[in-house]
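Working notes, beginning with the structure itself.
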Amino acid sequence: MLLFISSNLLYLYLSAVWQIVLVRFIQGGLFSVITMTTGSTLAIDITASRRRTDANIAFAWVGRLGMVAGVALGIYIYPYWSFHHVVYACVVLGTGALLLILALRVPFRAPLRVSWFSLDRFLLPRALWPGLNMMLVAIVLGILIAHICNEWFYICMWVGLVVSLLLSCYVLFHVPSRSEVELGQAAMIGGLLLLLFSNGLMTSSISGVLLGIGIGITVSRFFIKMINLPMHCERGTGNNTYQLLWETGIIGGFLFENMWTEMHPNAIYWICIGFSVAGLLMYELFTHSWYYRRMEEK
């Protein structure tokens, strides 16, 4: 965390593209280490065994809400703050996170001997198919973040995420997982259709809420599958697999929007709908039955 926070200050002194690429590469690695150790190790170590699933779910939800809130805040302050002030704000927020970590009391864990090369705590093959299915949702979110520069839209999406969390806790708790995924994808497609055929403030707000609900319900359901599939002592690896594919999907969607769709801005929503439909078909035709077969084997 200290290295990640300090690396933000380097942006004030960079003067070449290769320098920016190098710093971003380093920050990506540091961010991965931070999410791995906090979400898969600390969150579990400080939680009673019977509540570890709840801890993983809470950590994942905080990450989704924080990311969308950060996008909305960044868009809002961009016209008013200089780049130097934005960098300093990032450093202050990161320092706050570091202080919270320092305040934790973590029980002692005996060190284990590990091999020189291992996929443990990195990529879990058992959770790969639900993760790839979930990554299609992350790609859509990455495309939208790159395409829409309106803080109100992301505030509405944040509200939608909160609504989806409440629905998952109090309304959809006993609903079959297939129905949850279908509901989430239907909400996503509905929000994308509103963005495609209307550009009014009201419809943009409704679409943001629908997309937040759809993304929240769908990704939450896939995440639960990914932490249910691991065998004994593989929970951390399953959680890291989720984090890796979630972040890869968002960055991949962001890159896709910037590189290939700049000349056809209206087509991007059709592409997002295509990803959503493909994700729903993949779940209906393969992932759902595959998941329950693996759970029976477990």
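The values are calculated or read from the model by the stated rules, or taken from the named source; none is laboratory data. Nothing here was measured: the structure is a model prediction, and the numbers come from that model. Here the Cβ positions follow ideal geometry from the backbone for every residue, glycine too, while neighbour counts run over all protein chains shown.
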How many of the residues in the range 68-90 are surrounded by 15 or more Cβ atoms within 10 Å (Cβ to Cβ) and either in contact (Cβ under 8 Å) with a residue 40 or more places away in the chain or among the acidic types (Asp, Glu) (or both)? 9
Test each condition in (1) within 19 Å of the chain's Cα centre (by Cα); (2) in a helix (DSSP H, G or I); (3) more than 17 Å from Ser276 (Cβ to Cβ) for Trp152 and report the one that comes out false. (1)
Among the residues of the range 143-191, what is the count of those that are crowded, with 16+ Cβ neighbours inside 10 Å and among the polar types (S, T, N, Q)? 4
Of the residues Ala146, Ala72, Ala89, Ala138, which is in a helix (DSSP H, G or I), of a type outside the set (Phe, Trp, Tyr) and closer than 29 Å to Phe173 by Cα? Ala138
Can you report the number of residues in the range 192-246 which are surrounded by fewer than 18 Cβ atoms within 10 Å (Cβ to Cβ) and either outside any helix (DSSP H, G or I) or among the basic types (Lys, Arg) (or both)? 7
Can Ser6 be described as out of contact with any helix residue (DSSP H, G or I) (no Cβ under 7 Å at 6 or more places or on another chain), under 19 Å from Ala89 (Cα atoms) and surrounded by 12 or more Cβ atoms within 10 Å (Cβ to Cβ)? yes
Subset of the range 41-58, residues assigned to a helix (DSSP H, G or I) and farther than 15 Å from Arg121 by Cβ, comes to Ser49, Arg50, Arg51, Arg52, Thr53, Asp54, Ala55, Ile57, Ala58
Please go through the range 9-30 and pick out each residue that is in a helix (DSSP H, G or I), within 17 Å of Cys90 (Cα to Cα) and without any contact (Cβ under 8 Å) to a residue 40 or more places away in the chain. Leu10, Ile20, Val23, Arg24, Ile26, Gln27, Gly28, Leu30
Return the residue satisfying two criteria in turn: it lies in the range 248-283 and is polar (S, T, N, Q) and in contact with a helix residue (DSSP H, G or I) (Cβ under 6 Å, 6 or more places away or on another chain), and of such residues it is modelled with the highest pLDDT. Ser276
Test Ser289 against the stated conditions and say whether it is more than 18 Å from Gly63 (Cβ to Cβ), outside any loop (DSSP other than H, G, I, E, B) and without any contact (Cβ under 8 Å) to a residue 12 or more places away in the chain. yes
Is it the case that the range 95-107 has a residue that's of a type in the set (Lys, Arg) and either within 23 Å of Ile251 (Cα to Cα) or modelled with pLDDT of 90 or more (or both)? no
